[in-house]
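To start, the structure itself, in structure tokens.
The values are calculated or read from the model by the stated rules, or taken from the named source; none is laboratory data. Since the model is a prediction, treat every value here as computed from it, not as a measurement. Cβ placement follows ideal geometry from the backbone for every residue including glycine, while neighbour counts extend to all protein chains displayed. Side chains are part of the model used for accessible areas, which takes the heavy atoms of the whole protein and leaves out ligands, DNA and RNA. Shrake-Rupley method; radii C 1.70, N 1.55, O 1.52, S 1.80 Å.
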Amino acid sequence: MQQVTVIGGGVIGLTSAWWLLEAGYGVTLLEREAGVGSGASLRNGGQLSYRYVAPLADAGVPLKALQWLCEENGPLRFRPEADLRQWRWLARFLASCNAGANRKTTTRLLALGEMSRRAMAELAVVLPLDEFAWRDAGKMVVYRSRKTFDAAVARLGARDAREVLSAAECVAREPALAAARPMLAGAIFERDDAVADCHAFCVALAARLAVHPRFRGIVHGEARRFITGKGKVVGLVTGAGMFGAERMLDADHCVLAAGIQSRDLAASAGLYLPLYPLKGYSLSAPIRATDCAPQISVTDVEGKVLYARIGDALRVAAMVDMVGEDTAIDARRIAGLIRQVRATMPHGADYSSITPWAGLRPATPDGAPIIGATRYANLWLNVGHGPLGFTFACGSARLLAGCMKSKALPFALDGLTLR
């Protein structure tokens, strides 16, 4: 039985470990934090948006970005860095901001989203949905601008099963939007999307891994760099001791699924990963019996804010800060998010008792994750999922296992591999 070391204990690493176990590998998981799901998986938006997957890079986005940067509470913040990786990423992002590239990437991501939806359904046989607050009430994408709404409706295909709703129908379907009705132009409703607690999913899946007969356990330590030789990864320097501990790789294969940390680890092996940490924020507010919290997950297109009921709390997530690997919570960003929430859903939850959070989402310039082989025969990638890590986790893990087993894949990985 071949052995695999998976680096990263977030939702991508854990699902990778599960599907590799099911494919017949022995698996060891390496995680630097004390618990699983402690990074970008901790308090993210929780939406499983299998069909709402269009990447940020699109025609017109550079101009919009300039406008957002001028807004006091705009969805984008940018801090220039003396780091070539930031500028290289931005250059590739701008090159991807055209309708043709967006269509190609969206097509790939829709296929991955559908695969992920089916894979999650299969996983639910051994991992009951109620263990991670799963809700499949659908997703409502609301528009404030009539022009933007009409353009979105025009893009729907004749066979598209999504529903188009007027402002009045939005409120009838989701009463939590009553206060926002005068501001709404309409919405598009997707019934197949869901929400869940990503961190609870990670904890529950880790518990299933622990009892799998081929799982060798979780090793807590920080991977610092690879040791390579003769076209393979032969060792790993971990964070034991002052200078790190060099150890031979006790595995036949290594999977890199460590979020933004993957960028530096890959660089230690001479590989450039086009990843940048898009910092996002969320707040979680408890729902009281008297509150009118949303039953359906809601995405506010112009506000770039999503609302999701997760268990007994309202999760609100938003914003993209390009400030490097800075995980500090900016109080001004949280204050701006609270103002938006109070204006849109004033009675949605107890906003006096919020739990704020910030996390780094490792994104590629075109919005497509990187899955599969590298130039090293035994080093594999599952990285770059950006804000859709939870959505794509199960499908990406299944694709990775298929690649490693040299199986025929359900669709070509063009645009989803390291180029």
field: Considering residues of the range 20-62 that are of a type in the set (Val, Ile, Thr) and touching a strand residue (DSSP E or B) at 6+ places or on another chain (Cβ under 6 Å) only, the residue surrounded by the fewest Cβ atoms within 10 Å (Cβ to Cβ)
entry: 28
field: the range 328-359 - residue that is polar (S, T, N, Q) and over 23 Å from the mean Cα position of the chain (by Cα) and, of those, nearest to residue 182 (Cα to Cα)
entry: 344
- prompt: So which of 191, 155, 144 ends up being more than 16 Å from residue 52 (Cα to Cα), within 27 Å of the chain's Cα centre (by Cα) and among the basic types (Lys, Arg)?
  reply: 144
- prompt: Does the range 321-330 include one or more residues that are of a type in the set (Gly, Ala, Ser), assigned to a strand (DSSP E or B) and over 30 Å from residue 2 (Cα atoms)?
  reply: no
task: For the range 58-71, state whether one or more residues are in contact with a helix residue (DSSP H, G or I) (Cβ under 8 Å, 6 or more places away or on another chain) and of a type in the set (Asp, Glu).
output: yes
field: Every pair of residues 6+ apart whose Cβ atoms lie under 9 Å, when the first sits in the range 142-153 and is open to solvent by 50 Å² or more (accessible area, probe 1.4 Å) while the second is outside any loop (DSSP other than H, G, I, E, B)
entry: 144/180; 144/183; 144/300; 146/186; 150/143; 150/186
query: Can you name every residue in the range 311-324 that is open to solvent by 10 Å² or more (accessible area, probe 1.4 Å) and among the β-branched types (Val, Ile, Thr)?
result: 320, 323
task: Could you list, in sequence order, all residues of the range 253-284 that are part of a loop (DSSP other than H, G, I, E, B) and touching a residue at least 24 places away in the same chain (Cβ under 8 Å)?
output: 257, 258, 259, 260, 269, 270, 271, 273, 274, 275
- prompt: Is the range 383-402 home to any residue that is assigned to a loop (DSSP other than H, G, I, E, B), over 21 Å from the mean Cα position of the chain (by Cα) and touching a residue at least 24 places away in the same chain (Cβ under 8 Å)?
  reply: no
- prompt: Of all residues in the range 165-189, which are over 19 Å from residue 343 (Cβ atoms), aliphatic (A, V, I, L, M) and open to solvent by 70 Å² or more (accessible area, probe 1.4 Å)?
  reply: 172
message: Of all residues being under 14 Å from residue 275 (Cβ atoms) and modelled with pLDDT under 95 in the range 388-419, which is most open to solvent (accessible area, probe 1.4 Å)? Just the residue, please.
response: 419
- prompt: Looking only at the range 332-380, which residues are of a type in the set (A, V, I, L, M), assigned to a helix (DSSP H, G or I), in contact (Cβ under 8 Å) with a residue 40 or more places away in the chain and open to solvent by less than 50 Å² (accessible area, probe 1.4 Å)?
  reply: 334, 337, 338, 341
- prompt: On the given criteria, is residue 196 open to solvent by less than 60 Å² (accessible area, probe 1.4 Å), among the aliphatic types (A, V, I, L, M) and modelled with pLDDT under 95?
  reply: no
message: Quick check on the range 63-103: of everything there that is touching a residue at least 12 places away in the same chain (Cβ under 8 Å) and open to solvent by 90 Å² or more (accessible area, probe 1.4 Å), which residue is nearest to residue 358 (Cα to Cα)?
response: 79
- prompt: Can you find a residue in the range 159-174 that is within 28 Å of residue 3 (Cα to Cα), modelled with pLDDT of 95 or more, among the hydrophobic types (A, V, I, L, M, F, W, C) and out of contact with any strand residue (DSSP E or B) (no Cβ under 6 Å at 6 or more places or on another chain)?
  reply: no
query: Residues of the range 104-119 being under 18 Å from residue 387 (Cα atoms) and in contact (Cβ under 8 Å) with a residue 12 or more places away in the chain, which ones?
result: 105, 106, 108, 109, 110, 111, 112, 113, 114, 115, 116, 117
Residue check, residue 124 touching a residue at least 60 places away in the same chain (Cβ under 8 Å) and either out of contact with any Gly (no Cβ under 7 Å at 6 or more places or on another chain) or closer than 22 Å to residue 385 by Cα (or both): no
